[in-house]
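**Student:** Once you've had a glance at the structure underneath, I'll fire off some questions.
The values are calculated or read from the model by the stated rules, or taken from the named source; none is laboratory data. This one's a predicted model, so the numbers in the text were calculated from it and none came from an experiment. Cβ placement follows ideal geometry from the backbone for every residue including glycine, while neighbour counts extend to all protein chains displayed. In case anyone asks, the SASA skips ligands and DNA or RNA and just uses the protein heavy atoms, side chains included. Shrake-Rupley method; radii C 1.70, N 1.55, O 1.52, S 1.80 Å.
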Amino acid sequence: MNTDVYSESKVVHQPAFIDGHSVEIPILKILKQDGSIYENAAMPNIDQALATKTYKTLAFHRVLDERMVAAQRQGRISFYMTALGEEAASVGGAAGLKDQDMIMAQYREQGALMFRGFSLENFMNQMFSNEKDLGKGRQMPIHYGSRELNYMTISSPLGTQIPQAAGYAYGQKLQGLDAVTICYFGEGAASEGDFHAGLNMAAVHQAPVIFFCRNNGYAISTPSEEQYVGNGIASRGVGYGMKTIRIDGNDILAVIAAVQLARAYGIKEGKPVLIEAMSYRLGAHSTSDDPSGYRTREEEAKWQEHDPILRMKNWMLAQGWWDEAQETALFEKLRDEVLAAVKVAEKIDKPPVEDLITDVYDQVPPLLQSQFDELKEHIKKYPKAYPFSAGRIK
């Protein structure tokens, strides 16, 4: 039995309650919206090369989101999720890591994959589920993954990656790797049982995992005040006995600094860290959502003044690392490239039907093979219902 909690506690002799707000949790801010730095702020380890790569990734993220929402509205893809207003969380997180670190995302962290070098073509092939998709068309759009880039494939069930990250990071530690795992999730996912199981497992077994909570104010249409009454998500990290930090999630420098600090701690101590990044989801939850039904234009307008991309741009301009001509050229180039990539990817054939039963078993079991044979006969019988597959059945 661990008796430290008893021996170290302050002793009182009159009953008195405490609550989550008894723990004062400050918020880290380094960069102001006008591009200036707060007095006495500790800068992250960042040079012009890293800053430029980070900013270009933010721009790519913004343009891809804009174009793909338009593509979904045109019926070219079935579904999309943007990260409008909270791009700094995923991009800044990746910028604070090393390439060997594992990234386990929820579903709004395409920016981390962009930073790692996932190509525009790979993004398009996944969203159009064509035969060049690394996932062989088996996932709905935005469920990316890359073994090469240490980015675990996204799955739809909420919160499943949290205990997986604890276990994966523990494995990294047992192997003596110079690597950590970062696990992204929203504050809504923190209401799942997997959140509590994952954090407790990581704390008890001392796994080098960075739990990164994007607290963007809403779990689809449910505002945070209807999700919990405690002191945000950060207080839970304290409750589970792990190092915890709350940051301005729209401050790219604060994000990088927090992740760099958390990574260094994870490597040295082999223990977990919880980061709560306070932000706001300016866009809809997904292309299936209409946020006008549960929040006001005035609320959105207030948060538009905290645009993380504009904030970093102002800082880059102040540093002399960027100018308006570069800005215009970059966004024009990205818009042209994304539109061209859409036109290419949507014309590529869908994966062969045979891909449905590969990669699961070394040898396809007889029952699965018979079911697949029945499917082929069905497609041959009704070719007009399966225009992408009928002509490719062997």
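**Student:** State whether the residues of the range 163-181 include one that is of a type in the set (Val, Ile, Thr) and free of Cβ contacts under 8 Å to residues at least 40 places away in the same chain.
**Tutor:** No, the range 163-181 contains no residue that is of a type in the set (Val, Ile, Thr) and free of Cβ contacts under 8 Å to residues at least 40 places away in the same chain.
**Student:** Taking the condition in the same structural domain as residue 143 (by TED's automatic domain parsing) and in a helix (DSSP H, G or I), does residue 159 pass?
**Tutor:** Taking the combined requirement at face value, the residue does not satisfy it.
**Student:** Can I ask one more? Have a look at 339, 330 and point out the one that is over 30 Å from residue 203 (Cβ atoms), assigned to a helix (DSSP H, G or I), assigned by TED's automatic domain parsing to the domain that holds residue 217 and open to solvent by less than 50 Å² (accessible area, probe 1.4 Å).
**Tutor:** On inspection, the qualifying residue turns out to be 330.
**Student:** Which one of these is over 23 Å from residue 24 (Cβ atoms) and in the same structural domain as residue 171 (by TED's automatic domain parsing): 276, 269? It would help to see each step written out before you state the result.
**Tutor:** Working: 276 fails: over 23 Å from residue 24 (Cβ atoms).
Testing whether each residue is over 23 Å from residue 24 (Cβ atoms) and in the same structural domain as residue 171 (by TED's automatic domain parsing) leaves just 269.
**Student:** Further question: Within the range 365-376, identify whether any single residue is surrounded by 11 or more Cβ atoms within 10 Å (Cβ to Cβ) and either among the β-branched types (Val, Ile, Thr) or touching a residue at least 40 places away in the same chain (Cβ under 8 Å) (or both), and answer yes or no.
**Tutor:** Within the range 365-376, none of the residues are surrounded by 11 or more Cβ atoms within 10 Å (Cβ to Cβ) and either among the β-branched types (Val, Ile, Thr) or touching a residue at least 40 places away in the same chain (Cβ under 8 Å) (or both).
**Student:** Further question on the same structure: So which of 288, 292 is open to solvent by 50 Å² or more (accessible area, probe 1.4 Å), free of Cβ contacts under 8 Å to residues at least 24 places away in the same chain, of a type outside the set (D, E, K, R) and over 22 Å from residue 29 (Cα atoms)?
**Tutor:** Numbers: 288 fails: free of Cβ contacts under 8 Å to residues at least 24 places away in the same chain.
Answer to the check: 292.
**Student:** Of all residues in the range 143-162, which are at pLDDT below 95 and under 21 Å from residue 130 (Cα atoms)?
**Tutor:** The answer is 155, 156.
**Student:** When you scan the range 56-71, do you find a residue that is among the β-branched types (Val, Ile, Thr) and outside any helix (DSSP H, G or I), even just one?
**Tutor:** no
**Student:** Now, a different point. Can you tell me how many residues within the range 362-383 are closer than 21 Å to residue 349 by Cβ and over 39 Å from the mean Cα position of the chain (by Cα)?
**Tutor:** 4
**Student:** Continuing with this model, one more query. Name the residues in the range 183-227 that are under 17 Å from residue 108 (Cα atoms) and outside any strand (DSSP E or B), would you?
**Tutor:** Across the range 183-227, the qualifying residues are 187, 188, 189, 190, 216, 217, 220, 221.
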